[in-house]
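Only one structure is covered here, and it is reproduced in the block below.
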Amino acid sequence: MATGAYQAHRISGQEIHIETDNASVKAIIYDRDLVRFRIHRNDQDFSGFSYAVVSEALPVHFDLEDGASELIVKTSHMKVVFSKFPVRISVFNAKDELLNADDPAFGTSWLGNEVTTYKTIQENERFIGLGEKTGGLDRRGQSYVNWNTDYFGYPVDADPLYLSTPFYIGVLENRVYGIFFDNSHKSTFNFACSNERFSYFQAEDGEMNYYVFAGDSVANILDRYTWLTGRTELPPKWSLGFQQCRYSYYPFPEVLNAARTFREKHIPADVLYLDIHYMDAYKVFTWHPERFPDPKGLLAQLKEMGFNVVVILDPGVKREQGYQAYDQGKEKNLFVKYPDGTEYNGQVWPGWSAFPDFTNEEARKWWGELMKGLTDVGLEGFWNDMNEPAAWGQHLPDLIEFEYEGEGATHKKARNVYGMQMAKSTVEGAKKHLNGRRPFVLTRAGFCGIQRYAAVWTGDNVSTDEHMLAGVRLINSMGLTGVSFAGYDVGGFAGEASPDLFARWISLGAFSPFFRSHSMVNSRDSEPWSFGEEVEDISRNYIRLRYRLMPYIYSCFHQSAVSGMPVARSLAIDYTYDAKVYEGPYDNQYLFGPNILVIPVDSFSRFHKAYFPQGKWVNLYTDEVSEGTREAVLESGKESLPVYVKAGSVLLMQNAVESLLKEKSSNTLEVHVYPGGAGSFDYYEDDGETYAYRNGNSLSRVFSIHGNELKIHRAEGQFTSHFKTFRVYLHCSDASSLRVNGQEQNTKAENYRFTEPISDFDPYHVPPKDPIQIRDLRYVDIPASPNEISISWNE
Ligand code: MIG
């Protein structure tokens, strides 16, 4: 049954309410280019409650035309047309171009309680986003299910995985739109898969409740989507460093050993992980008495060495009388239950376990209180695993019940939001105890809005080239769905990486928003030094490069926090209408921040296909320029990942430190200028560890480049920059002098390298050439005055 014929309509505030023969259709004008539709049968009634949405409709002016066969709603930026017989919906953009239209026959319809909205497929329509979904960048011809799933060693085309974010962006010839289906039940998105008639989104149950974004660019839609569902907060800076995980480091001397080895080998790193073996019998909020007899002492010692520790927290609480967490949860009635009121138990690491009901505010608070025991010993980082939730067998009974903020829901409705609410509970608990320091939380499962609480990683990937490249696409796709702080297990979790694969993977990971190496229990070591000297050098090179890029990277995270622009940016964001960027293997490529083009390539070929989008691109290592809108074949060995910088941009860097937590960089900010186009970069700085920025204690500064002039705009904000000197490097130029605010100044030359030569470079490598070249770079040092500075030069 589909939505029937128009009967009447009324308007209340921002809401247009249409009655049809058999259904109720509400359009809520959320913003001038955003409309929410709520559609249900007359025999159904739903609350408006959503875990995903954090913003309410803005007061927007709209006009309504009531015609014989249509009802037309117009804002300054969008038009919604409801045909009346039967009621079907079409949405148009500011230029009055069609964005999407209901299938004339099926529109929104029901099969039992299953509800579906069918949208007519349009010529050359593409579909991007949908978060942690495998496959290519363009999802047309594919179908996906949203149902948070623990999937060990998943194949690269598996679906569903751990995280469900039912939001995608449609790309037409010259325009875009977004659709967010806010329904937490198991849902299906079909993008003209096994049919050529429509795309559809469907849920097993619940309300047809979706938002259409009519913005004029992918960036604008991401901005609006993250306005609606929230944005990634500024993370603590240390969490942007290199993180080393292992299933599991224990007993404690193993952790110290790893820490010492990083420092001895001068490989920068900020984080070590404790996986499940740190606990006593896998009981959450406990420590194993022999393996970790003195957690506080250990953490203090590690902090002294510049390491923070992140501990795993699984939701399953061991069913054991006398164990505090279990006794309390039971007494306070905070565990998930069967409809007959008995406790639901499933088997996980601790054995039979109860599951805190994270959809109950009281349970979230309780969990947060238990965390005090962890923050008290010095922890600031927490890792939520198994929160799909997972249990042996992977099929929790559908009838188990959740509190769902007082509304009540079964597993069918609550599953997809469970992990997100666990992350919320964890981050809020941590914040409460950390006295104004920013915590770091990592999660495996989540739903739309998860970006507000935690970083996400892609679970149990496998040590293959395919998986490495698939992981890049997963991260890029999460970036298209509001989840900016995301990453994969470098080296692969399951299986064993070859040295070459590890080298490639860690180079790539240096350009991933979340950067962590991890490996499975009983598998070979995967620290950067475990694959021989050559790989160790390559690892050091790329980890150092990441640390040096920190002023740039941190600024990119700030951009995510203010506009939802992801740190890893699929080329579909900036080059939306260039068909090439959707072609494999080019659809692996992305911009890391606005200015760095990363070309992910496998570990076994020496020649690789690449696509340079519009503009000019400067080879990071050699300064060679490649023209854009052009395919190319690149030669690159394992020692250098193909990375390019956009002409007409700047890269802001510092000297390499070994720990962001402990060490301050020098007071010189490297300003790498890449002329040959126009552009600007929003630099951001604050203390990197507290919330003082919320009271204005931050600094923003625009670096813009136009022709042969760099303008460093006046610094805004109350934070005093750590940097006292700007060392301005002029790439692609040998100007022997330049003008600083009109004053002529001679440049100096420096033999500059972004990466160091690697030891034991294989002399039989064919062809035997080190593509990492030393250049003479021209530079000047100028005082980092907060006032506007102009620097110009002749060709
Ligand atoms: O059942 O904690 O994805 O990263 O090392 C496996 C042990 C549970 C799955 C996670 C993985 C972690 C592992 N966990």
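Each value in this text was obtained by applying a stated rule to the coordinates, not by laboratory testing. Quantities reported herein were computed from a predicted structural model and do not represent experimental measurements. Positions of Cβ are generated from backbone atoms using ideal geometry, with glycine treated the same way; all protein chains shown enter the neighbour counts.
For Lys724, the lysines whose Cα falls under 26 Å of its own Cα, not counting residues fewer than eight places away in the same chain, are Lys237, Lys662, Lys664, Lys711, Lys748.
Calculated over the stretch 317-377, the projected area of the Cα convex hull averaged across directions stands at 4.6 nm². Over the chain, the ratio between the Cα radius of gyration and 2.2 N^0.38 Å evaluates to 0.96. The value obtained for the stretch 349-432, namely the Cα convex hull volume divided by the number of residues, is 95 Å³ per residue. Scaled against the 2.2 N^0.38 Å expected of a compact globular protein of N residues, the Cα radius of gyration of the stretch 561-634 reads 1.11. In angstrom, the C-alpha Rg and Dmax of the stretch 523-591 are 16.6, 44. In the structure shown, the pairs Lys186/Lys365; Lys26/Lys431; Lys133/Lys432 are assessed against 30 Å; a Cα-Cα span above that value is assigned to Lys26/Lys431; Lys133/Lys432.
Is the stretch 96-219 rounded, prolate or oblate when judged by the Cα gyration tensor, a ≥ b ≥ c being the square roots of its eigenvalues, rounded requiring a/c under 1.5 and prolate requiring a/b larger than b/c? In terms of gyration-tensor shape, oblate. Neighbour counts of other Cβ atoms within 10 Å put Val35, Val456, Val598 in the fewest-to-most order Val598, Val35, Val456. Counting neighbouring beta carbons within 10 Å and listing from fewest to most, the residues Tyr683, Tyr693 come out as Tyr693, Tyr683. For Lys74, the aspartates and glutamates whose Cα falls under 19 Å of its own Cα, not counting residues fewer than eight places away in the same chain, are Glu15, Asp31, Asp33, Asp63, Glu65, Asp66, Asp96, Glu97, Asp102, Asp216. Its Cα gyration tensor gives the stretch 416-534 an equivalent ellipsoid. The semi-axes, each the square root of 5 times an eigenvalue, are 28, 16, 13 Å from largest down. Helices assigned as whole DSSP H runs in the chain whose Cα atoms extend at least 20 Å along their own long axis and whose mean Kyte-Doolittle hydropathy is -1.0 or higher are found at 465-479. Placing pseudo-labels 7 Å out from each Cα toward the beta carbon at Cys193 and Arg694 gives an inter-label distance of 4.1 nm.
Would the stretch 653-768 count as rounded, prolate or oblate if I go by the C-alpha gyration tensor, calling it rounded below 1.5 in a/c and otherwise prolate when a/b exceeds b/c, oblate otherwise? Note, shape of the stretch 653-768 comes out oblate. Which shape class, rounded, prolate or oblate, goes with the stretch 229-288 when its Cα gyration tensor gives a ≥ b ≥ c as root eigenvalues, a/c under 1.5 marks rounded, and past that a/b bigger than b/c marks prolate? Oblate, because a/c is 1.5 or more while a/b does not exceed b/c.
Which of Lys609/Lys646; Lys616/Lys638; Lys609/Lys638 have a Cα-Cα distance over 22 Å? Exceeds cut-off: Lys616/Lys638. Taking other C-beta atoms within 10 angstrom as a stand-in for reagent exposure, His77, His411 fall in the order His77, His411, fewest first.
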